[in-house]
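These notes concern the structure reproduced below.
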Amino acid sequence: MPLNFNKIARRADRGGRRCLTMIGLARVLTGIVFLILLVENSVQAGQSVTLNWEASPDPNAVGYNIYYGIVSHNYTNIINVGNVTLVTIDGLVAGTTYYFAATTYDAQGKESGFSNEATYDVPASVIPNILPTMQIRNAPAGQFLLTVTGSVNQSYDIEATEDFSGWTVIGTVVIGAGGSQDFADVDATNYPQRFYRTREIP
């Protein structure tokens, strides 16, 4: 009997969510329908997988085993979930591919063959985007030293205005590994007052 796998991956991304849906076919000897919902959570230690399936129509089936590992058809982990149709597996490692299969078993412990295999690539950890900030300090000869803090490797334009009627790009910084970058406004002495802002370069 065909077994439908639905894989839904969700990743937190700046407060929003991005979804990916993939559908494949599988079968289990006892004919269960197995739905895999793969959910990445925000816990740094790992990510979670929620497995949900329809009950087996086989009257002899009394429970389910879920097998998984990081090598295809070589499952190093097994979870006996009993006679329920939902389980969450915690502790998946970002950037790792996992392989999943299911079986049913009867009251004597006899187990069906494996379903065909579902594969999931856990997304690599994403460094969160940091809202930029700027500190202004006096520098020699009336100049201003601007320290921009933001996301590593992100480029920011530094813009200046005297009266808020128009902004002019006076320089660009790329944030280094330390999370900040300095910029000296050498023209500051030419203006009676000056205001600054940063703008992320896409």
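Counting Lys +1, Arg +1, Asp -1, Glu -1, what net charge surrounds Ile201 among other residues with beta carbon under 15 Å of its beta carbon?
Local net charge: -1.
Please give me the summed charge of the neighbours of Gln143: other residues whose Cβ is under 9 Å from its Cβ, Lys and Arg +1, Asp and Glu -1.
Numbers: positive: none; negative: Asp185, Asp187.
My count for the surroundings of Gln143 gives -2.
About the Cα centre, and with charges only on the beta carbon of Lys, Arg (+1) and Asp, Glu (-1), how big is the dipole of segment 133-200? Nearest 20 debye, please.
My answer is approximately 160 debye.
Pick out, in residue order, every one of the trypsin sites (Lys or Arg not before Pro) in segment 97-202 that is DSSP loop and has at most 11 other C-beta atoms within 10 Å; say none if there are none.
Those satisfying the criteria are Lys110.
Please sort by residue number the chymotrypsin sites (Phe, Trp or Tyr not before Pro) in segment 132-201 whose DSSP state is loop and whose Cβ has at most 16 other Cβ atoms within 10 Å. Don't skip to the answer; put the middle values down first.
Working: sites: Phe144, Tyr156, Phe164, Trp167, Phe183, Phe195, Tyr196; in loops: Phe164, Trp167.
In loop regions of segment 132-201 (DSSP not H, G, I, E or B), the sparsely surrounded chymotrypsin sites (Phe, Trp or Tyr not before Pro) are Phe164, Trp167.
Every read-out reported here was derived from the displayed coordinates using simple, explicitly stated rules and does not represent laboratory data. Since the structure is predicted, the reported quantities are computational estimates derived from the model, not experimental observations. Please note: Cβ atoms are built from the backbone with ideal geometry, for glycine as well, and neighbour counts cover all protein chains shown.
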